[in-house]
Amino acid sequence: MNRREAMQVVAGAAAAAFVSTEGAILSSARAREAVAPPTFSLPPLGYAFDALEPYIDAETMRLHHGTHHAAYVDSLNAIAAANPGIARASMAKTLGIIETLPDAIRTAVRQNMGGHWNHSFFWSLMTPGGAREPQGQLKTAIEGTFGSVAAMQKVMETTALADFGSGWVWLGTGPQGQLSVFSTPNEDTPHMIPGGRTAVLGVDLWEHAHYLSHDAARGAYLSAWWNVVNWDKAGEAFDGLTS
């Protein structure tokens, strides 16, 4: 092989390598485009992890949001990948018909979609430096039902302290539209209660919500929590139910 022939071979090999590399790049790009984004996503807090201190510490918020809630989202996306139908309706609607889901996925959806909905709502119900008490229609409804805001808070705290194990306590509306306080176990949501319930306010009773700030002292956590409640958001939720 002379020098000219050798250069032609090298040039041909280089061109083939380029085509092969370019093809691999294009194939990789097409593969990325073909992968759909996750069906469910972890919502941002909207405030820094330390924004609720001293009532809830930054590390508790980081673990609660970035570890516990994120795990629900990851598991829910795995379920949705194998069962796309669960994402075709809103979470509220799906959770409202949880008992009609196939046995094979019902418990997993209940736990993970329930946890995702509950926590997404929970983050929006807290804010640094918010209003100190409810206003407008919500305040009027609370006073009409419980006598005062303080009396309503006492009912929620008493219900929470009497609730054994993990779960949630809610201020919401009952089947007739009246305000009431009720609880749900584990990651069950108000949508799952027969007769229909809707949430205005909800507080997480799982120990991961307070184990670093208040250890196992649920009462201390609840007393502190009222200092970070986003009453504006609760008011919006109530106005949306009554409009």
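The values are calculated or read from the model by the stated rules, or taken from the named source; none is laboratory data. Fair warning: this is a prediction, and the values are worked out from it, not measured in the lab. Every residue, glycine among them, receives a Cβ derived from its backbone with ideal geometry; neighbour counts consider all protein chains shown.
Note on the stretch 174-199: among residues that are outside any loop (DSSP other than H, G, I, E, B) and touching a helix residue (DSSP H, G or I) at 6+ places or on another chain (Cβ under 6 Å), the one that is surrounded by the most Cβ atoms within 10 Å (Cβ to Cβ) is Ala199. Cβ separations smaller than 6 Å between residues 6+ apart or across chains give the following pairs from the stretch 47-62 residues that are within 14 Å of Ala220 (Cα to Cα) to residues that are assigned to a helix (DSSP H, G or I): Tyr55/Ala224; Tyr55/Asn227; Tyr55/Val228. The single condition from (1) within 21 Å of the chain's Cα centre (by Cα); (2) under 13 Å from Val229 (Cβ atoms); (3) crowded, with 16+ Cβ neighbours inside 10 Å that Pro128 fails is (3). Per the listing Thr158, Thr145, the residue uniquely more than 18 Å from Phe238 (Cα to Cα), surrounded by fewer than 17 Cβ atoms within 10 Å (Cβ to Cβ) and of a type in the set (Val, Ile, Thr) is Thr158.
In the stretch 131-140, of all residues being in contact with a helix residue (DSSP H, G or I) (Cβ under 9 Å, 6 or more places away or on another chain) and surrounded by fewer than 20 Cβ atoms within 10 Å (Cβ to Cβ), the one that is nearest to Phe238 (Cα to Cα) corresponds to Gln137. Going by what's in this entry, would Leu76 be described as within 22 Å of Pro190 (Cβ to Cβ), outside any helix (DSSP H, G or I) and modelled with pLDDT of 95 or more? Answer is no for this residue. Pull up the stretch 161-170, narrow it to residues that are among the hydrophobic types (A, V, I, L, M, F, W, C) and within 21 Å of Gln111 (Cα to Cα), then point me to the one that is surrounded by the fewest Cβ atoms within 10 Å (Cβ to Cβ). Out of the qualifying residues, it is Phe164.
The residue pairs whose first member lies in the stretch 222-233 and is closer than 10 Å to Leu201 by Cβ, whose second member is charged (D, E, K, R), and whose beta carbons are closer than 8 Å, counting only pairs six or more residues apart or on different chains, are Trp231/Arg132; Trp231/Glu133.
For every residue, the table says whether it meets (1) modelled with pLDDT of 95 or more; (2) at positive phi; (3) touching a Gly at 6+ places or on another chain (Cβ under 7 Å).
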| residue | (1), (2), (3) |
| --- | --- |
| His119 | yes, no, no |
| Phe122 | yes, no, yes |
| Leu125 | yes, no, yes |
| Ile142 | yes, no, no |
| Val155 | yes, no, no |
| Gly165 | no, yes, no |
| Gln176 | no, no, no |
| Pro194 | no, no, no |
